[in-house]
Amino acid sequence: MFTKSYCALGYRCNNNCLICVVDAAFNKDKNMTTKQVLEFYDKELEKNKNIDTIEFSGGEPTIRKDFLYLVNTIASKYPYLSFCLLTNGRNFCNFAFAQEFSKYNVVNVITALHHYIEDEHDKQTQANGSFRQTCMGIKNLSELDVPVTVKIIVTKLNYKAMPQMVEFVARNFPLVKNMSINGLDIRARAEQFKDEVAVSFTKYIPYVHKAIDTANKYNINMVLYSIPLCVLDGKYRKYAGEQPDIISLYKSPGARVQNKTEDHGYVKECYNCEISKGCYGTWFSYYDVFGTGELNQKITADQRTIVFNVCGVCNNDCLFCSEEGSQPLKDESLEKLKEKIDLLKIKKKESIVLMGGEPTMFRDIIKLVKHISGFTENISMTTNGRKLQDRQFAKNIASAGVNHFCVDIHGSRELHNKITQRKESFDQTMKGIENLLADNCAVSVKVIMHKMNYKYLKSIAELIYKKFSNKTDIIFSFISINGSAIKNRKKLSVSASKIAPYLDSAIDFLKSKEMTCRLDMFPLCVLKNWKEMASVREKTIHLDEKRESEEAANNSICKTCALYKKTCDGVWASYIKEYGISEFIPH
């Protein structure tokens, strides 16, 4: 749940840092007026009752002549609020100014130190005298009992000096007990001067380790931000900070309010990593410059679920197919597929999901399943179920080793057939499920939610219960706009918020019948029933890199949520591109 509101009071600054993420054009913008700031917070605090902390930033917020007036006015009107400040600290060299600010409920002042040598610091700020003023500001604030965090932003100009910088803080500011090391966001001026300031994880991580050791020596609490866990040695990962719980960002007088985390997060290489739940990720701008080759994802083999596409052909032609509909891809031979399976080196405890196209259309599917069963007993198949209407075929495929079937139902007979574009598909699928259940196979019914069926989710749940009682569980899966779905976007695309009340109604019905239901790639935060729901995806490995990328490219706001990667998958990347992230309210 978001509890902090971030506001850039304007982009003007008394430094001119080489690493500033504010574009030079923004410096020409006028600051918000006093009235605009106060109105902004009246609206913000009325809308978001959970906010208990205001975080001011800039530019440099303290250069505003009304800075202390703003703090005083907001503190007087909302006495429960605490204040956090991101500042270069220079104006706090004035003791009277620092003393006045210290009267308020200030929980943290975060100020950047760019080097422990004066000339090197001022070289990065491009402001003569800034080092001395910043140091005096830190001294004044700390002696006034204001909590101060000294922040190191890692650059090519200071990364080797980080251990000495920690030592400098410890010796000169003994009351400062908090520091942070931050990965560089290579945007705006930082991008302009990237050859001078940008440095790779590979080069600077050893100095991060040394800086942490130095901090421990002086009992300084060190926290790391925007540095992925996988590039750190194991014993240093515990120093990684969590994603800030910040709700909004004021950009400039002409810009919209947006979420601060849009440009920060993780990439597809992170998706299956077992330490991603506690990882803050880094700035996407870093990957634009250095790529992702340094990431060292950690995967425990016996936790993997491998998705294996058996063939491209299908006997349906679904409007939403994320592949290529009924257009057959060139099928590979049984021997070729066996070779691929062998190369996977599947362990006994691992799981494999057979998909297509339609896997039952592969001519040697029984032989392939028997081959896979020599590696693992955990074999699942995602199928439209039509060929399973043949009772003997259903028996044979189950006997070969498939122990779980996931079968799609899209609605009533009329709606289902309309979506699959096959007249007999509904009856054949229902018969296939009956045959599987008659042989005591484990069956999940998957309902892919989209514009054509979302208003009927409860009716679909009632249909499944009436036909199969509670012998199956139900998976509500959110549509991915890819493949055939792209050309049918207008018929299919719908927002999660519109689906939510109908899905909640379906969930209520299934709970009343004690039927298990789960979600696939649908955001829990838009549901009232979020506490009862869980994701079907864990450490799923797609052999199709394009598909894996589509699943992995979730927005970074989800990383702030307590549910993410525990009970919630987030949403498809294609959804974010179309609808954005404004619906999501992280827990």
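Observations
Every residue, every condition in (1) exposed (fewer than 14 other Cβ atoms within 10 Å of the Cβ); (2) among the aliphatic types (A, V, I, L, M); (3) modelled with pLDDT of 85 or more, yes or no:
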| site | (1), (2), (3) |
| --- | --- |
| 15 | no, no, yes |
| 25 | yes, yes, no |
| 39 | yes, no, yes |
| 50 | yes, no, no |
| 54 | no, yes, yes |
| 60 | no, no, yes |
| 71 | no, yes, yes |
| 75 | no, yes, yes |
| 89 | no, no, yes |
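- Test for residue 176: is it assigned to a helix (DSSP H, G or I) and modelled with pLDDT of 95 or more: no
- Of all residue pairs spaced 6 or more apart or on separate chains, those with beta-carbon atoms under 8 Å, a first member in region 394-420 that is of a type in the set (Lys, Arg) and a second member that is in a loop (DSSP other than H, G, I, E, B) are 395/439; 418/452.
- Any chance residue 324 is outside the structural domain of residue 191 (by TED's automatic domain parsing), in a loop (DSSP other than H, G, I, E, B) and either modelled with pLDDT of 80 or more or acidic (Asp, Glu) (or both): yes
- Against the conditions (1) farther than 24 Å from residue 194 by Cβ; (2) crowded, with 17+ Cβ neighbours inside 10 Å; (3) modelled with pLDDT of 85 or more, residue 19 satisfies every one except (1).
- Helices (runs of 4 or more DSSP H) wholly inside region 349-431 containing at least 2 residues that are among the charged types (D, E, K, R) and in contact with a helix residue (DSSP H, G or I) (Cβ under 7 Å, 6 or more places away or on another chain): 365-372
- Of the residues making up region 93-136, those that are aromatic (Phe, Trp, Tyr) and within 28 Å of residue 163 (Cβ to Cβ) are 116, 131.
- So residue 460, is it among the aliphatic types (A, V, I, L, M), in the same structural domain as residue 432 (by TED's automatic domain parsing), surrounded by 20 or more Cβ atoms within 10 Å (Cβ to Cβ) and outside any helix (DSSP H, G or I): no
The values are calculated or read from the model by the stated rules, or taken from the named source; none is laboratory data. Treat the numbers as computed from the prediction; the structure is a model and nothing was measured. Using ideal geometry, Cβ is built from the backbone for each residue, glycine included, and neighbour counts are taken over all protein chains shown.
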